[in-house]
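Data block below; observations after.
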Amino acid sequence: MTLFDPWTMGRYTLKNRVVMAPMTRMRADAEGVLPDYVAEYYAQRAGSALIITEGTQPSVGGRGYHGTPGMHTDAQQAAWKVVADKVHERGGRIFCQLMHTGRIGHSSLLPAPWDLVAPSAIAADLTVTDADHNEVPAQTPRAMTIPEIKAIVEAHADAAQRAVDAGLDGVELHASNGYLGHQFLSYGTNVREDEYGGSPENRARFVVETLTAMADRIGADRVGVRLSPGGSFNDMRGMDDDETYIELVNQLDGLGLAYLHVLRRRSTPLHLELHRLWSSTFMLNTGYHGTSEFQDLNALITEGACDLISVGRLFISNPDLVNRWQHGLELAEWDEDTFFTAGARGLTDYAPAT
């Protein structure tokens with residue numbers, strides 16, 4: 001097997017094994033609505049096996065950054081329909097990543113009565129951007145009540161329904177990189193003493209309940225999840241334990257989800273164990289500082305380390321990345337200054353190879 005072989009993922013036959021990883025691009029307006037040109041950005045990359053979109057808030061209170069899109073209003077859903085239609089016209093598949101940022105954000109970005117919430121009242125040791133675009137110390141979030149947790153679970157299910165109603169092929173729950181799902185999983189950010197904290201089973205409960213609600217709403221084979229065990233992003237260094245992830249994956253495997261998407265900074269016994277425990281599609285991402293060389297990623301497929309590989313920044317500057325790899329064509333360099341700026345520049349103006 002190689003990166004160029006097809007793969008069956010639930011109800012979908014994917015044309016190769018190279019997935020476009022979710023990447024924040026900050027082009028949405030103040031109402032969380034994507035401009036039309038973003039549809040062309042995604043459609044240009046339809047040669048991938050699957051596109052996973054930028055992180056998209058499932059509710060008003062899930063917003064942590066300027067310019068991130070939502071999936072909780074009719075206008076947002078209509079904009080995503082333009083994206084889905086254009087990707088499908090080019091023969092692609094696309095899942096929407098649902099991202100509630102939890103403690104990573106600023107209360108000034110949230111209209112009343114929403115405020116900054118997390119599993120526990122523990123601030124991240126970093127700076128965040130407020131409504132005036134100032135870099136300020138992260139605030140201490142308010143610990144969520146159980147009714148609020150239940151409401152956020154339901155909001156994810158509602159957003160999943162909107163995504164498939166907009167024509168997207170499915171959704172991915174962002175439970176990694178220090179955002180809300182990861183915050184529940186971590187003993188460093190979750191010190192609750194109720195049924196959502198304390199033991200590995202309890203720390204896994206929010207993610208399990210959210211994915212179950214999404215699967216019940218749209219079908220398990222339209223739902224994936226992204227995890228980053230041991231990841232340090234957003235002040236999460238040294239805050240994970242293997243037992244929680246093993247418990248989580250044991251519970252999730254029986255749901256029949258489309259895939260498990262794991263961020264891997266290095267080969268560890270935990271990653272091997274999660275792969276062993278998982279019976280459907282297993283996807284790896286080598287991370288921001290990991291290798292993106294074709295030979296290395298192809299070896300992960302040929303050696304059976306995973307079924308799919310997700311790739312990030314190379315897809316920004318190489319919309320036809322799979323074709324370039326397949327034919328040994330030179331790769332274009334990305335312009336990091338345009339990763340998070342407004343407008344189509346740095347989004348849709350990277351040309352395919354000639």
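Descriptive notes on the structure:
- Reach of Lys15 by Cα under 27 Å, taken over lysines that are not fewer than 8 positions away in the same chain: Lys81, Lys86
- Estimated dipole of region 7-338 in Debye, rounded to 20 [Cβ of Lys and Arg +1, of Asp and Glu -1, Cα centre]: 600
- If R0 is 22 Å, the Cβ-Cβ spacing of Ala353 and Phe4 corresponds to a FRET efficiency of close to 0.85.
- Cα convex hull of region 7-338 - mean projected area over all directions, nm²: 15.2
- Unit charges on C-beta of K, R, D, E only; dipole of region 193-280, Debye: 600
- Relative contact order of the chain, defined on C-alpha pairs under 8 angstrom at six or more residues apart (%): 17
- Simple rule: put +1 on each Lys or Arg Cβ and -1 on each Asp or Glu Cβ in the chain, find the dipole, and look at Ala75, Leu116, Thr145; the Cα lying farthest toward the positive end is Ala75.
- For the peptides 336-343, 13-20, the ranking by mean Cβ contacts within 10 Å, running from highest to lowest, is 13-20, 336-343.
Read the figures in this text as sums done on the coordinates, not as results from a lab. As the structure is a computational prediction, the values presented were derived from the model and not from experiment. Neighbour counts are summed over all protein chains in view; Cβ atoms, including those assigned to glycine, are modelled from backbone coordinates with ideal geometry.
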